[in-house]
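A.B. asks: Below: one structure in structure tokens.
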Amino acid sequence: MSFSQDMRGDISEELRLRILRQLENQDDRTLSIITLKRFLDALGYRRDRDWIERQLRKLSQIGAISIIQVGGTIYARIEEEGRDHLEERTILPGVMRPREAE
């Protein structure tokens with residue numbers, strides 16, 4: 001595996017953690033993909049909607065979030081497994097550990 005592939009993987013893991021944190025900070029623990037895109041853009045991580053959707057699907061596959069589709073808009077909601085990861089009660093594969101991001 002090349003250095004650039006390793007770096008892309010590390011960034012993806014960090015951004016999945018940031019997505020979980022952002023979801024956790026919401027009153028209803030839910031955000032639309034559009035809002036998540038704006039959040040990542042504001043951090044300087046310009047990713048297209050397809051990339052963000054792939055990350056949400058990965059988080060959903062490991063039980064960290066649930067995905068709800070209303071019309072053409074995708075919403076993500078953090079689940080207990082994702083919250084446990086943020087509290088480091090469990091470690092999710094493919095998501096940076098919270099203490100590593102500090």
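The values are calculated or read from the model by the stated rules, or taken from the named source; none is laboratory data. Only a predicted model underlies this, so the values are computations on that prediction, with no experimental measurement involved. Methodologically, a virtual Cβ is constructed for each residue, glycine included, from the backbone with ideal geometry; neighbour enumeration extends over all protein chains shown. For the accessible areas, the whole protein counts, side chains as well, though only heavy atoms, and no ligand, DNA or RNA atoms are used. Shrake-Rupley method; radii C 1.70, N 1.55, O 1.52, S 1.80 Å.
A.B. asks: With the requirement that a residue be under 13 Å from the mean Cα position of the chain (by Cα), over 17 Å from E14 (Cβ atoms), charged (D, E, K, R) and open to solvent by 90 Å² or more (accessible area, probe 1.4 Å), what does the stretch 50-82 give you?
C.D. replies: Those that are under 13 Å from the mean Cα position of the chain (by Cα), over 17 Å from E14 (Cβ atoms), charged (D, E, K, R) and open to solvent by 90 Å² or more (accessible area, probe 1.4 Å): R57, R77.
A.B. asks: Where the second residue is open to solvent by 30 Å² or more (accessible area, probe 1.4 Å) and hydroxyl-bearing (S, T, Y) and the first is under 14 Å from W51 (Cβ atoms) and touching a residue at least 40 places away in the same chain (Cβ under 8 Å) and lies in the stretch 9-29, which pairs have Cβ atoms under 8 Å and are six or more apart or on separate chains?
C.D. replies: L15/Y45
A.B. asks: Here's something else I'd like to know. Tally the residues that are modelled with pLDDT of 95 or more and loosely packed, with under 11 Cβ neighbours inside 10 Å, restricting the search to the stretch 92-101.
C.D. replies: Within the stretch 92-101, residues that are modelled with pLDDT of 95 or more and loosely packed, with under 11 Cβ neighbours inside 10 Å number 1.
A.B. asks: Consider only pairs whose beta carbons are under 7 Å apart and that are at least six residues apart or on different chains; among these, list those whose first residue lies in the stretch 75-102 and is touching a residue at least 40 places away in the same chain (Cβ under 8 Å) and at positive phi and whose second residue is in a loop (DSSP other than H, G, I, E, B) and surrounded by 14 or more Cβ atoms within 10 Å (Cβ to Cβ).
C.D. replies: If the second residue must be in a loop (DSSP other than H, G, I, E, B) and surrounded by 14 or more Cβ atoms within 10 Å (Cβ to Cβ), the pairs left are G94/I62.
A.B. asks: Continuing with this model, one more query. Return yes or no: is E87 exposed (fewer than 11 other Cβ atoms within 10 Å of the Cβ), out of contact with any Gly (no Cβ under 8 Å at 6 or more places or on another chain) and at pLDDT below 95?
C.D. replies: no
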